[in-house]
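Student: Take a look at the following structure, please.
The values are calculated or read from the model by the stated rules, or taken from the named source; none is laboratory data. Here the structure is a predicted model, which means the values were calculated and not measured. To get the accessible areas, we keep the full protein, side chains included, count just its heavy atoms, and leave off ligands, DNA and RNA. Shrake-Rupley method; radii C 1.70, N 1.55, O 1.52, S 1.80 Å.
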Amino acid sequence: MSEKIKVPKGLAGVIVDETKVSKVMPEINSLVYRGYPVQELAELCSFEEVAYLLVHDDLPNQSQLNDFTAKEKKYRSISEHLQQVIALFPSDAHPMDKVRTGISYFGMEDKLIWENDPQTNRDKFMLLLAKIPTIIAYAYRHQKGQAVIPPSDTLSFSENFFYMCFGEVPSKEVVKAFDVSMILYAEHSFNASTFTTRVISSTLSDLYSAVVGGVGALKGPLHGGANEQVMHTMLEIGDPVNAKQWMLDALAQKRKIMGFGHRVYTNGDSRVPTMKKYMQQMAASKKGEKWVEMYEILEQTMIEQKGIYPNLDFPTGPAYYMMGFEIEWFTPLFVMSRIAGWSAHIIEQIADNRLIRPLSEYTGMAQRSPKPVASR
Ligand code: COA
């Protein structure tokens, strides 16, 4: 190709490929997964149904769902070796690094690692969907010096995760709020981590390598890591009466406020009203009214002052905190869900692949010759 095209920094506004997985429509504040609006999926479906939808192109019927959930339950346990690896993780390492390493180790256990056909990659997705929560829950309990709780084979995906972390299943409202967060986090077109998985897959590397790369991209505070930062901000503010002044001071200092703004949505993130509703419903039973009050003040002040709206990380931060998760574990929860979107994109990329390999504009030294070390 002789023609060179210069694109905006950060690929902002650039369409790099086609996808049938999801569509973000900022003009009408909507996001659809395979044609279904996420807010309707969140009201009517379980996370398991939505995970199936993303990877199998449509919602399951009852028998397909039974088969899918039976497999997910069956695959939840992890090998003795992987359990030993988790027990050896440095206790002060960031949980995202633990999840990244756990997934990477599991990939080495899969004898079919190099098989890249759609059915084998759907099977690998199924394994990761079932095992990532176990990796996270085991690492979580190890870090707290608690004995691990093996997965249940009867509870739903979300119920089982609470059970493995805390030894009990919370109220229906809490489980539903968590399940909704899983649905809303599952997919978001060509975001940074998904694009990373597609770049890795375009080299015809394996699904595990692509997912591990996705975890690395998601960890950053400009992407998935924002939900942790939101809760740090709320704790720093401490009381709703301080919220407005805190925001005004932060904006005067030109600070980036985590949980606000989005590359694609300019008039609000379509997922936020749904998550906010479930966060609010749960707050009453969790004595979390102060976080809801603070949320409202921060949101209102930011919109008034800058016209910038919250993104999904803004309601999930306080929601996960009220559910009892420690802050540094919030982004791994995102991984449990986004594995569905990443897998759908990996399968799509490989089905119609071309190596992703852009050019760069060189701005370094003009060509020159090295001198022997003694004369430099
Ligand atoms: N707080 C304060 N100002 C913000 C802001 C925020 N969270 N998000 C955007 N802005 C402002 C920028 O300061 C910039 O203003 P300027 O033109 O006066 O310099 C303008 O809005 C554009 O921001 P920019 O960072 O260039 O937009 P982007 O499209 O490159 O970035 C994000 C999008 C998501 C990275 C950015 O909004 C951000 O950093 N948000 C906080 C992190 C976060 O919540 N990430 C999760 C995303 S789902």
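Student: Distance between the C-alpha centers of segment 194-232 and segment 243-260? Whole Å please.
Tutor: Distance between centres, Cα-based: 27 Å.
Student: Right, next: Please work out whether segment 224-316 counts as rounded, prolate or oblate from its C-alpha gyration tensor, where a ≥ b ≥ c are the square roots of the eigenvalues and a/c under 1.5 means rounded, while otherwise a/b larger than b/c means prolate and anything else oblate?
Tutor: Taking the square roots of the gyration eigenvalues as a ≥ b ≥ c, segment 224-316 is oblate.
Student: Kindly provide the Kirkwood hydrodynamic radius of segment 1-136 in Å, to one decimal, from all pairs of distinct alpha carbon atoms.
Tutor: Hydrodynamic radius (Kirkwood, Cα pairs) of segment 1-136 is 18.1 Å.
Student: Now a separate question. Straight-line reach from Lys287: which lysines fall under 17 Å, measuring Cα to Cα and dropping same-chain residues less than 8 apart?
Tutor: Qualifying lysines at Cα under 17 Å: Lys172, Lys276, Lys277.
Student: For Glu115 and Ser79 in the same chain, what is the full-extension length gain: residue separation times 0.36 nm, less their Cα-Cα distance, in nm?
Tutor: 10.8 nm
Student: Return the aspartates and glutamates within reach of Lys244: Cα separation strictly under 14 angstrom, same-chain partners fewer than 8 residues apart disregarded; answer none if there are no such residues.
Tutor: Partners within reach: Glu236, Glu293, Glu296, Glu299, Glu304.
Student: Please compute the Kirkwood hydrodynamic radius of segment 164-297 from all pairs of different C-alpha atoms, in Å with one decimal.
Tutor: 17.2 Å
Student: Kirkwood Rh and Cα-based Rg: tell me the resulting Rg over Rh for segment 281-370, rounded to two decimals.
Tutor: 1.24
Student: Springs between alpha-carbon pairs under 10 angstrom, Gaussian network model over the chain: which of Asp110, Asp179, Asp269 fluctuates most?
Tutor: Between Asp110, Asp179, Asp269, it is Asp110 that shows the largest mean-square fluctuation.
Student: For each pair in Lys71/Lys124; Lys98/Lys176; Lys71/Lys219, compute the distance between the two Cα atoms and list the pairs where it is over 20 Å.
Tutor: Beyond 20 Å between Cα atoms: Lys98/Lys176; Lys71/Lys219.
Student: Rounded to the nearest Å, what's the spacing between the alpha carbon centres of segment 292-352 and segment 149-168? Just the number, please.
Tutor: Segment 292-352 and segment 149-168 have Cα centres spaced 22 Å from each other.
Student: Still on this structure: So, for segment 146-243, what is the accessible surface per residue at a probe of 1.4 Å, expressed in square angstrom?
Tutor: Numbers: 3360 Å² over 98 residues.
In whole numbers, segment 146-243 has 34 Å² accessible per residue.
Student: OK, next. What number in nm² do you get for the chain if you take the convex hull of its Cα atoms and divide its surface by four?
Tutor: 23.7 nm²
Student: Using the Kirkwood radius built from alpha carbon pairs, what does the Stokes-Einstein equation give as D for segment 72-178 at 20 °C and 1.002 mPa s, in µm² per second? Don't skip to the end; give the middle numbers.
Tutor: Working: Rh = 14.5 Å.
D, rounded to a whole number, is 148 µm²/s.
Student: Moving on to the next point. When all C-alpha to C-alpha distances in segment 75-133 are sorted into bins of 10 Å, what percent of pairs does each bin hold, rounded to whole numbers?
Tutor: 21, 52, 23, 4
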